[in-house]
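One structure below.
The values are calculated or read from the model by the stated rules, or taken from the named source; none is laboratory data. Treat the numbers as computed from the prediction; the structure is a model and nothing was measured. Neighbour counts run over all protein chains shown; Cβ positions are idealised from the backbone, glycine included. Heavy atoms of the whole protein, side chains included, go into the accessibility calculation; ligands, DNA and RNA do not. Shrake-Rupley method; radii C 1.70, N 1.55, O 1.52, S 1.80 Å.
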Amino acid sequence: MTRKASLIDAALAFADTLVAPLSIATTLLIIVLPMIRAMALAYTLLPLRLGRPPAEGAARAFRLAAHLRPWAMAEVFIIGVIVALVKIAGLASVSLGPAFWAMTALVLLVVIEAVSLDEWSIWQTLDRWRTR
């Protein structure tokens, strides 16, 4: 017998039960909010990295990314998945597909971003461009 599960399956696991709001919260925390945060950071930082002026609304996008940081919990989710896989591995044969490794790579990028992004410098750069 084979059983496959995707990230969407995990997010929607509770959709047909009494705890359906948990499914919505899970979808927001592990898919939607990290995606919005990544897009806001790219929108803010990509023009700056290319030496161009910030895009219109970059400060608002960066503020949104900063506010979403505690709520975008992809790294918490992947730790939970790893713990569950270790527990299940004793009962069944577990193989990890490309989606697991892609999610793991995303989480590593989020951790590297969290450690290396200097928000103060970004705000200073945005202010310099705004006063020109």
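Can you give the accessible area of THR2 in Å² (nearest 10), computed on protein heavy atoms with a 1.4 Å probe?
Using a 1.4 Å probe on the heavy atoms, I get roughly 120 Å².
In Å, what is the Rg of the alpha-carbon atoms in segment 38-87, and how long is Dmax?
Rg, Dmax (Cα atoms, Å): 15.6, 50.
Using only Cα atoms, locate the centre of segment 85-106 and the centre of segment 1-18, then give the distance between them in Å, rounded to an integer.
Spelled out, the Cα-based centre of one part sits 15 Å from the other.
Calculated from DSSP H runs of 4 or more alone, at -39500 (n - 2.57) each and per residue, what is the 222 nm mean residue ellipticity of the chain, nearest 500?
Numbers: 7 runs with 88 residues, N = 132.
The helix-only estimate for the chain comes to -21000 deg cm²/dmol at 222 nm.
Please turn the phi angles of segment 66-81 into ³J(HN,Hα) values with the Karplus equation 6.51 cos²θ - 1.76 cosθ + 1.60 (θ = phi - 60°), one per residue in order, whole Hz, x for glycine and proline.
5, 5, 7, 3, x, 9, 7, 10, 4, 5, 5, 4, 5, 5, x, 5
So, R0 is 41 Å and r is the distance between the beta-carbons of SER93 and MET39; what FRET efficiency does that work out to, to 0.05?
Numbers: r = 37 Å, r/R0 = 0.91.
FRET efficiency, SER93 to MET39: 0.65.
Can you list the GluC sites (Glu not before Pro) in segment 38-132 that are in a DSSP coil and have 13 or fewer other beta carbons within 10 angstrom?
Working: sites: GLU56, GLU75, GLU113, GLU119; in loops: GLU56.
Sparse-neighbourhood loop GluC sites (Glu not before Pro): GLU56.
Using a 1.4 angstrom probe on the protein heavy atoms only, line up VAL115, VAL32, VAL83, VAL107 by accessible area, largest first.
Values: VAL115 120, VAL32 50, VAL83 80, VAL107 15 Å².
Solvent-accessible surface, decreasing: VAL115, VAL83, VAL32, VAL107.
FRET efficiency for ARG132 and ARG60, Cβ-Cβ distance as r, R0 = 22 Å, nearest 0.05? Walk me through the numbers before you get to the answer.
Values: r = 18 Å, r/R0 = 0.84.
Taking R0 as 22 Å, the efficiency between ARG132 and ARG60 is 0.75.
Answer with a single label: of (1) 0.99; (2) 1.06; (3) 1.31, which was calculated as Cα Rg over 2.2 N^0.38 Å from the structure in view?
(3)
Under a no-solvent Debye model with one identical scatterer per Cα of segment 62-132, what's log10 I(q)/I(0) at q = 0.12, 0.14, 0.18, 0.23 Å⁻¹?
The Debye formula, applied to the Cα set alone, gives -0.50, -0.61, -0.81, -1.06.
Just flag the chymotrypsin sites (Phe, Trp or Tyr not before Pro) in segment 43-100 sitting in loop per DSSP whose Cβ has no more than 14 other Cβ atoms within 10 Å. It would help to have the intermediate numbers written out before the result.
Working: sites: TYR43, PHE62, TRP71, PHE77, PHE100; in loops: TRP71.
The qualifying sites are TRP71.
Where does each of MET103, MET1 land when they are ordered by accessible area, with a 1.4 Å probe and the largest first? Before the final figure, lay out the partial values.
Details: MET103 20, MET1 225 Å².
Heavy-atom accessible area, descending, gives MET1, MET103.
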